[in-house]
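I have placed the structure first, in the form of structure tokens, so that the comments after it can refer back to it.
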Amino acid sequence: MSFELETAISPEKLRRVAIDPVSRVEGHGKVTILLDDDNKVHQVRLHIVEFRGFEKFIQGRPYWEVPVMVQRLCGICPVSHHLAASKALDMMLGVKQLTPTAEKVRRLMHYGQILQSHALHFFHLASPDLLFGFGSDMAQRNIVGVVAAHPEIAKKGVLLRKFGQEVIRMTAGKRVHGTGSVPGGVNKSLAPEERAALLKDIYQMVAWSRDAVGMIRQLFEQNLAEYNAFGRFRSAGMCLVRSDGAMDLYHGGLRARDVEGKTLFDHFDYGRYWDVIAEDVKPWSYMKFPFFKSLGAEDGSYRVGPLTRVTQCDSIPTPLADMERQEFMAYDGGSVTGATLGYHWARMIEMLHAAENIKDLLHDDDIIGHDLIATGERQERGVGVIEAPRGTLIHHYRVDENDLVIRANLIVSTTHNNQAMNTAVREVAKQYLDGVEITEGLLNHIEIAIRAFDPCLSCATHALGQMPLEVAIVGADGTVIDAATRDHRGLTRELS
Amino acid sequence: MTAPTLIFGWGNPSRGDDALGPLFVEHFTALAARHPEWGEVECLTDFQLQVEHALDLQGRRRVLFVDASLDAPAPCALARVQPARDASFTTHAMSPQAVLKVYADIDGGEPPPCWLLAIRGERFELGEDLSAAARQSLQAALQLAADWVDCE
């Protein structure tokens, strides 16, 4: 099965243009574009060129090491892996309900992560394109350029991120790769002086987050036609929602809707995610391609993350963010809710939601409590799902009677978005690159489409042993003498 | 209140001699605790130097950046750094000069006096321990930094 512009019919006759590496994203990836002599686009692929293999080397480790180990997947969203693994191991330990202090400290850590990650993405990575223009001078199109031209905006971005990192440091023990969350609970709560230090600044953070929503709204108002059309495509979506349908980024049931907005499943128990999601592999990518089983691999791809969460939830349970959600949904008759660049607007609404949540949690005395760990009846396996900054994150472990992990499966946010990102870059290629002389500024349009998803390519690489592989032996005259292809079904050998 | 002296070391503790920055900070924190006459000294560490670290410079009287270096003469070298816009912002990690420039752009003023202590490293592979030469250089760097705190 192949999507439009995924595979050219005669690639050997085409000219290849590569964006390598894709910049201002986490991790390493590249985009290849195949063009004919008239610059007509025949093939566009987003490739992930690094490899992790965490699912394999977690095997054989004691389960209690896992929440700390899996953070090494990534330097940007380690807290999300820390918490998803902890949730999976809560289930494995039979803990059905954390203590109030443990749940609230974990939530505080999670909202700190959402705040710092969204601020990093919007101000450091995306704002240069939005403030200076998609094809603007490359020398200016970066965070240092934003600092020089818009110091007040840059300063807010830097301070928002720093505040989020402080929340993480105080709840997890370190700004990066902390240890605060453990199977069954947490190993520390907030000290009263830590709480006071965060309370001093949180109201400013709420105000600045609100300003950021206003800023992206203003950018849409100024460029509505271009932003709405940019890389636009229809997609299904999936996210967690609370039992009443409200947004909950820490816990809930799975909700999925198809491209028409029709509900495919709702409040689905994520402990059996494999009943509704399967993963396809392609020989040209290390990253898996998840799809809804009920729709099949061809029609079942979907997207996750801020745009899906904000548009699929029934409400946001903090007042300012919910007001912004309603305005976003109604703006221009709802047109921006389907725009790829609508991710940025939705992301800033979530940042405001995170700031409001942090404020509320800091006023809750449970966060300085001392009842940290719950216990239960040990199970063989556990599944933990969390809404990470980039989307739904699934951790699944099986643990043997010696407490060693015997199987691990991770489906990270960026993997869910794999097909959606490929579709978005193909749409942009059709819109901007087809039949014209390619320039750096035009190629940046492709990167802007990828950046809208805020992908974390480090996290999204494939599990060892399931990695698809193509090997070709090419003669001195360029002819292929022998080729072998391995996919998840085994080895298929072909002699040309 | 912000400590007037900031020691900021960076590097990846899991990459051989790249651990020199964080290890320096760890040792210097203990050293500063034994020298109350130095006044308040804040020691910070991170994996990389980035834009947000410009804000860590606010309210300081003096700053010492500490990093492992393949180019520095063994065992270490101390030099004053000035704000400068370079190409380091396009990489994962910024130079101290670029961070000072960000400070000047955001704050609209001169950054505090800053020095870079570059400690000679030899091996930076993932999973490696600190090399024997780097261990020796670390001791020399700690002595040089102690002299800097005393004299500057």
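The values are calculated or read from the model by the stated rules, or taken from the named source; none is laboratory data. Since this is a predicted model, take the numbers as computed values, not measurements. Backbone-built Cβ (ideal geometry, glycine too); neighbour counts: all protein chains shown.
For the structure I just gave you, tell me whether A:Val281 is without any contact (Cβ under 8 Å) to a residue 60 or more places away in the chain, of a type in the set (Val, Ile, Thr) and more than 20 Å from A:Val385 (Cα to Cα).
Spelling it out, it is not the case that A:Val281 is without any contact (Cβ under 8 Å) to a residue 60 or more places away in the chain, of a type in the set (Val, Ile, Thr) and more than 20 Å from A:Val385 (Cα to Cα).
From the list A:Ser189, A:Ser209, A:Ser243, exactly one residue is assigned to a helix (DSSP H, G or I) and either of a type outside the set (A, V, I, L, M, F, W, C) or not assigned by TED's automatic domain parsing to the domain that holds A:Glu324 (or both). Which is it?
Residue meeting the stated conditions: A:Ser209.
Restricting attention to segment B:45-68, which residues are facing chain A (nearest Cβ under 10 Å) and of a type in the set (A, V, I, L, M, F, W, C)?
Scanning segment B:45-68 gives B:Phe47, B:Val51, B:Ala54, B:Leu55.
Modelled with pLDDT of 95 or more, within 13 Å of the chain's Cα centre (by Cα) and assigned to a helix (DSSP H, G or I), is that true of B:Gly21?
Judged against the criteria, B:Gly21 is a match.
For A:Ala154, indicate whether it is without any contact (Cβ under 8 Å) to a residue 60 or more places away in the chain, in a loop (DSSP other than H, G, I, E, B), in the same structural domain as A:His177 (by TED's automatic domain parsing) and of a type outside the set (Lys, Arg).
Details: without any contact (Cβ under 8 Å) to a residue 60 or more places away in the chain: yes; in a loop (DSSP other than H, G, I, E, B): no; in the same structural domain as A:His177 (by TED's automatic domain parsing): yes; of a type outside the set (Lys, Arg): yes.
Against the criterion (without any contact (Cβ under 8 Å) to a residue 60 or more places away in the chain, in a loop (DSSP other than H, G, I, E, B), in the same structural domain as A:His177 (by TED's automatic domain parsing) and of a type outside the set (Lys, Arg)), A:Ala154 does not qualify.
Take the conditions out of contact with any helix residue (DSSP H, G or I) (no Cβ under 6 Å at 6 or more places or on another chain), farther than 26 Å from A:Pro151 by Cα, free of Cβ contacts under 8 Å to residues at least 60 places away in the same chain and not acidic (Asp, Glu) and apply them to B:Arg15. Does it pass?
no
Quickly run through segment A:307-342 and pick out the residues that are assigned to a helix (DSSP H, G or I) and among the polar types (S, T, N, Q).
Listed by number, the residues that qualify are A:Thr308, A:Thr311, A:Gln312, A:Gln326, A:Ser335, A:Thr337.
Could you tell me whether A:Leu443 is on the phi < 0 side of the Ramachandran plot, modelled with pLDDT under 95 and touching a strand residue (DSSP E or B) at 6+ places or on another chain (Cβ under 6 Å)?
yes
Test of understanding: among A:Gly164, A:Gly157, A:Gly112, A:Gly145, which residue is surrounded by 18 or more Cβ atoms within 10 Å (Cβ to Cβ), under 24 Å from A:Val385 (Cβ atoms) and within 14 Å of chain B (Cβ to nearest Cβ)?
Going through A:Gly164, A:Gly157, A:Gly112, A:Gly145 in turn, just one is surrounded by 18 or more Cβ atoms within 10 Å (Cβ to Cβ), under 24 Å from A:Val385 (Cβ atoms) and within 14 Å of chain B (Cβ to nearest Cβ): A:Gly164.
Could you say which residue among A:Gly333, A:Gly338, A:Gly342, A:Gly305 is closer than 20 Å to A:Ser413 by Cα, surrounded by fewer than 24 Cβ atoms within 10 Å (Cβ to Cβ) and in the same structural domain as A:Leu198 (by TED's automatic domain parsing)?
Among A:Gly333, A:Gly338, A:Gly342, A:Gly305, only A:Gly338 is closer than 20 Å to A:Ser413 by Cα, surrounded by fewer than 24 Cβ atoms within 10 Å (Cβ to Cβ) and in the same structural domain as A:Leu198 (by TED's automatic domain parsing).
Given the options A:Met215, A:Met238, name the one that is in contact with a Phe, Trp or Tyr (Cβ under 7 Å, 6 or more places away or on another chain), on the phi < 0 side of the Ramachandran plot, assigned by TED's automatic domain parsing to the domain that holds A:Pro317 and not basic (Lys, Arg).
Sole residue among the options that is in contact with a Phe, Trp or Tyr (Cβ under 7 Å, 6 or more places away or on another chain), on the phi < 0 side of the Ramachandran plot, assigned by TED's automatic domain parsing to the domain that holds A:Pro317 and not basic (Lys, Arg): A:Met238.
Which residues, counting only those in segment A:252-280, are under 20 Å from the mean Cα position of the chain (by Cα) and either part of a strand (DSSP E or B) or outside the structural domain of A:Asp299 (by TED's automatic domain parsing) (or both)?
Hits for segment A:252-280 are A:Gly253, A:Leu254, A:Arg255, A:Ala256, A:Arg257, A:Ile277, A:Ala278, A:Glu279, A:Asp280.
Being loosely packed, with under 14 Cβ neighbours inside 10 Å, within 14 Å of another protein chain (Cβ to nearest Cβ) and charged (D, E, K, R) narrows it down to one of B:Asp86, B:Asp71, so name that one.
B:Asp86
Mind checking whether some residue in segment A:172-185 is within 19 Å of A:Gly369 (Cα to Cα), in a helix (DSSP H, G or I) and not basic (Lys, Arg)?
Yes: segment A:172-185 contains one or more residues that are within 19 Å of A:Gly369 (Cα to Cα), in a helix (DSSP H, G or I) and not basic (Lys, Arg).
If the requirement is being surrounded by fewer than 18 Cβ atoms within 10 Å (Cβ to Cβ), more than 13 Å from the chain's Cα centre (by Cα) and either modelled with pLDDT of 95 or more or not β-branched (Val, Ile, Thr) (or both), which of these qualifies: B:Glu26, B:Glu37?
The unique qualifying residue is B:Glu37.
Of (1) assigned to a strand (DSSP E or B); (2) at pLDDT 95 or above, B:Leu44 satisfies all except one. Which?
Of the numbered conditions (1) assigned to a strand (DSSP E or B); (2) at pLDDT 95 or above, the odd one out for B:Leu44 is (2).
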